[in-house]
1. Go through (1) more than 21 Å from Leu148 (Cβ to Cβ); (2) in a loop (DSSP other than H, G, I, E, B); (3) not basic (Lys, Arg) one by one and return the number of the condition Pro83 breaks.
2. Hand me the list of helices (runs of 4 or more DSSP H) wholly inside region 1-75 holding 1 or more residues that are within 20 Å of Leu167 (Cα to Cα).
3. Output yes when any residue across region 161-171 is within 15 Å of Phe23 (Cα to Cα) and of a type outside the set (D, E, K, R), and no when none is.
4. Whether any residue in region 166-176 is surrounded by fewer than 20 Cβ atoms within 10 Å (Cβ to Cβ), more than 17 Å from the chain's Cα centre (by Cα) and farther than 23 Å from Val29 by Cβ is what I want to check.
5. Are any residues in region 6-56 among the aromatic types (Phe, Trp, Tyr) and either surrounded by 13 or more Cβ atoms within 10 Å (Cβ to Cβ) or at pLDDT 90 or above (or both), and if so, which ones?
Amino acid sequence: MSLELWKGASPRGRRIIIIVAFFLFAILVTIIGLLAPLSPQQITSENNELNSTQQNVQSMDLAHRTAAIFQNNFEICLLMFVPFLGIFIGTFALFNTGSVLQAQTITLNASNGTHIPPILVLAVLFVFPFTWLEFISYSTALSEGFWLIRRGLQGELKREIKNLAKLILITAALLAAGALIEAALI
């Protein structure tokens with residue numbers, strides 16, 4: 001990132017730059033999880049856990065399914081807002097997302113005799129709006145963790161708390177919309 005771009009950006013522009021940087025970070029960590037080697041036991045474990053969750057969610061009506069998806073995603077997102085700790089939690093969650101996606105793809109390929117690359121499966125997920133909404137929400141949360149640290153060091157933490165509250169509400173709305181879309185597609 002060019003220093004001139006940062007210096008010339010408005011306060012809102014700087015926030016957008018940081019959100020975009022964390023969005024790219026989130027994609028990268030997910031891809032790393034997608035490409036990290038998995039043992040056969042890990043593949044089985046990831047698939048068993050995911051299948052159990054999917055069966056539980058699929059047995060729900062649309063409202064409960066939406067609420068369950070929202071709750072899961074929002075809890076993770078809230079943790080990502082936490083300064084310092086949020087980046088580690090977010091990295092773990094995004095890496096795990098990639099690992100689960102890889103395990104699913106490997107199992108699908110084995111059962112169908114196909115060879116679909118896991119990276120293609122991730123790319124296809126971005127066709128769906130809920131994927132964008134989730135990654136934007138997570139990137140926003142991670143970036144706010146950065147701003148809380150920065151403003152705290154500048155002695156402006158109280159002012160930043162207002163932004164935190166607004167961004168929590170925005171991410172909640174985005175994740176609620178994403179959960180409804182995802183639940184409807186299940």
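1. Pro83 satisfies all of (1) more than 21 Å from Leu148 (Cβ to Cβ); (2) in a loop (DSSP other than H, G, I, E, B); (3) not basic (Lys, Arg) except (1).
2. Details: elements: 3-8, 11-35, 40-58.
Of the helices (runs of 4 or more DSSP H) lying wholly inside region 1-75, those with at least 1 residues that are within 20 Å of Leu167 (Cα to Cα) span 11-35.
3. So in region 161-171, the residues within 15 Å of Phe23 (Cα to Cα) come out as 171.
From what's left, of a type outside the set (D, E, K, R): 171.
Looking through region 161-171, at least one residue is within 15 Å of Phe23 (Cα to Cα) and of a type outside the set (D, E, K, R).
4. yes
5. Going through region 6-56, the residues among the aromatic types (Phe, Trp, Tyr) turn out to be 6, 22-23, 25.
Within region 6-56, Phe22, Phe23, Phe25 meet the criteria.
For (1) under 18 Å from Leu185 (Cα atoms); (2) surrounded by 19 or more Cβ atoms within 10 Å (Cβ to Cβ), each residue gets a yes or a no:
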| site | (1), (2) |
| --- | --- |
| Gln58 | yes, no |
| Ala67 | yes, no |
| Asn73 | yes, yes |
| Phe92 | no, no |
| Gln102 | no, yes |
| Trp132 | yes, no |
| Ser137 | no, yes |
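Residue-wise test of (1) small (Gly, Ala, Ser); (2) modelled with pLDDT of 95 or more.
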residue: Met80; (1), (2): no, yes
residue: Ile87; (1), (2): no, yes
residue: Ala93; (1), (2): yes, yes
residue: Ser139; (1), (2): yes, yes
residue: Leu142; (1), (2): no, yes
residue: Leu157; (1), (2): no, no
residue: Gly178; (1), (2): yes, yes
residue: Ile181; (1), (2): no, yes
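The values are calculated or read from the model by the stated rules, or taken from the named source; none is laboratory data. Computed from a prediction, not measured in an experiment: that's the story for all the values here. When we count neighbours, we look across all protein chains shown, and the Cβ atoms used for this are built from the backbone with ideal geometry, even at glycine.
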